[in-house]
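The numbers here are math on the coordinates, done by the rules we state, and not lab data. Small disclaimer: the values here were computed from a predicted structure and weren't measured. Cβ sites come from the backbone with ideal geometry, for glycine too, and all protein chains shown count toward neighbours.
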Amino acid sequence: MQHLSEQEILRRENLQKIRELGIDPYPAGMFDITATAAHIKETYEEGATGFENVQLAGRLMMVRDMGKACFAELQDSSGRIQIYVRRDDICPGEDKSLFDEVFKKLLDIGDFIGVQGFVFRTRMGETTVHVQQLTVLSKALRNLPIVKTDAEGNVHDAFTDPEQRYRMRYVDLIVNGQVKDVFLKRSRIISVMRRFFDDKGWLEVETPILQPIHGGALARPFKTFHNTLDMPLFMRIANELYLKRLIVGGFDGVYEIGKMFRNEGMDRTHNPEFTSMEIYVAYKDYEWMMEMVEQCIETIAREVNGDTKTQVGEQVIEFAGPYRRLSMFDAIREHTGIDISEMDEAALREVCKNFHIEVDASMGKGKLIDEIFGEKVEKHLIQPTYITDYPLEMTPLAKKHRSKPGLVERFELFVNGKEIANAYSELNDPIDQRERFAEQLRLSERGDLEAMSLDEDFLRALEYGMPPTSGLGIGIDRLAMLLTNQHAIQEVLFFPQMRPEKP
RNA sequence: GAUCCCGUAGCUCAGCCGGUAGAGCACUUGACUUUUAAUCAAGGAGUCAUGGGUUCGAAUCCCAUCGGGAUCACCA
């Protein structure tokens, strides 16, 4: 049995009394809406036509009771608008119960109502709907947190506890308007990106989430089981190998926006499931891809924020291209003064030691370079910067560099000290690819849980021939964090992963 | 996984050198037919996260557990 608070009991009693008055608190029929709060507030002028008879619906969010008349605030999907409810207008006859009983006593904050009336401006200058008819649309049985903003713009009693906001995102969205704006922007980021790719003729596709072999990235997977096939399956950590199979199959450009799953730590920049966009375009290389990414992100920033500049924490980020390009070795030299490009493993270990970077015996040359980069460079890359030409050991799916031995044609895009995109000239030499997988297998045997598995069918696909191709992955959640100036991934996911509420 | 902080009314928080709970908003009752954090008067509301312990007595001190946050490690 559910424990009910005093206020919850009252609302249930009010629900019953509404029924006793012959009013259905959950009517089945539709309610015609001819206007929204935002539209009325934006377009209404004194004496304008078209506002004599409007119908709108939403939640009752605040009531200022003046006796025989009330001002209230109605919140619909577009925002809030003041409504004016006068007893003798909604109850023109002898029976005043709709006003005195239903509206003033039995309706509560959070209830859905529909109103019909005309728009006017009060002497305080507030655009207001003068209600002539009021319809109960849905009764709420729990009371919402009341967030108020005073004349100076100070917010009082904000619903701020992250745990409650994430667990009850529906409440968060109702009472915290700025939260809704973040998610509207997130949605817009994805739709602008999709249109950008579609306009270029690339095909949006869907590839398996349940995979027998988890390939395409270095990460620990979630494992599950299919009963009929009687075999284990993995939740995908990446879709790269499937998208490349489609390039083999003859598509010039394919992309997928979808969830990936990684069984690793959770914190304010990692959720076990996250959204990535991966795209593969035939006959292109990573240099071409850098230009494409600049255009794409600049377009998104402009369309989402109305400006290519975005405030992110203390920084103002300029998303208009071209972005600075810096090889990994040059980046390390710039931030440490040390040229590591000719160093062997022992010399790199010495560099790490001098910088007090923790290393272990299993780390090879590539990993050591990556550690130095992560420790000394990454956090300084505030404005969008491409880091190019990575050590081969860390990147088993990228093509060897056309002119620099030991490196691959890869770039990552860093913004505000975080990686948000990763791209290669894709490895399409099936024999080289088989050797790279073999190397991963050796790492796995040494105990590296993140090493990539060998995918025999993917190799078979490459053996049929894949055109030169450039591929790119963008972390959508992180891009959304940047463009909405949010410091936690939980703020750009409707329902971030949480432990169960009760044991 | 490690360390630190937090969990008291629907919401935001106070109380924490131990003496069985307070404020504002919300809620209830009443007044007010252009108010806007409406106002005014009166009132009700809490297994103080959970379970143990110390004590005559625990929201308060101690231990454990659960949940969350921050920092670190791993990673996108």
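Going toward the positive end of the dipole of region A:415-482, with +1 on Lys and Arg Cβ and -1 on Asp and Glu Cβ, which of A:Leu441, A:Pro468, A:Pro430 do you reach last?
In region A:415-482, that residue is A:Pro468.
If you average the alpha carbon positions of region A:32-70 and of region A:292-332, how far apart do those two centres end up, in angstrom?
41 Å
Students often forget the sequence filter, so: which lysines lie under 29 Å Cα-Cα from A:Lys17 once same-chain residues fewer than 8 apart are removed?
Cα-Cα hits under 29 Å: A:Lys68, A:Lys96, A:Lys104, A:Lys105, A:Lys139.
Determine the distance separating the Cα centre of region A:219-234 from the Cα centre of region A:469-502; give it in Å without decimals.
25 Å
Treating the beta-carbon of each Lys and Arg as +1 and of each Asp and Glu as -1, no other charges, what is the dipole magnitude of region A:254-352 about its Cα centre, to the nearest 20 debye?
Approximately 320 debye in magnitude.
Of the DSSP beta bridges with both residues in chain A, give the percent that are antiparallel, rounding to the nearest 5. Please list the in-between numbers first.
Working: 78 of 88 bridges.
Of the beta bridges lying entirely in chain A, close to 90 percent run antiparallel.
Grab the beta carbon distance between A:Arg86 and A:Glu163, set R0 = 60 Å, and tell me the FRET efficiency rounded to 0.05.
0.90
Evaluate Rg over Rh across region A:11-87, taking Cα atoms for both radii and Kirkwood's formula for Rh.
Over the Cα atoms of region A:11-87, Rg/Rh equals 1.02.
Tell me, what is the Rg over Rh of chain A, with Rh the Kirkwood radius over Cα pairs?
Rounded to two decimals, Rg/Rh equals 1.09.
Lysines within cross-link reach of A:Lys180: Cα-Cα under 21 Å, excluding same-chain residues under 8 positions apart?
Once the sequence-local lysines are set aside, what remains near A:Lys180 is A:Lys41, A:Lys148.
At a Förster distance of 25 Å, what's the computed FRET efficiency of A:Met498 paired with A:Asn154, Cβ-Cβ distance as r, to 0.05?
With a Förster radius of 25 Å, E is 0.25.
Pick out, from A:Gly374, A:Met328, A:His356, the residue whose Cα sits farthest towards the positive end of the charge dipole of region A:293-424, with +1 on the Cβ of Lys and Arg and -1 on the Cβ of Asp and Glu.
Most positive-ward Cα: A:Met328.
Determine which lysines satisfy two conditions relative to A:Lys367: a Cα distance under 24 Å, and not lying fewer than 8 residues away in the same chain.
Filter leaves A:Lys353, A:Lys376, A:Lys379, A:Lys399, A:Lys400, A:Lys404, A:Lys418.
How much length would be gained if the chain were fully extended between A:Asn263 and A:Arg442, taking 0.36 nm per residue of separation minus their Cα-Cα distance, in nm to one decimal?
On the way: separation 179, 0.36 × 179 = 64.44 nm, distance 2.19 nm.
Once the chain is fully extended between A:Asn263 and A:Arg442, it gains 62.2 nm.
Taking only DSSP H segments of four or more residues, each worth -39500 (n - 2.57), what value at 222 nm results for chain A once the sum is divided by all its residues, to the nearest 500 deg cm²/dmol? Working shown, then result.
Values: 14 runs with 155 residues, N = 503.
After summing the helix terms and dividing by residue count, I get -9500 deg cm²/dmol.
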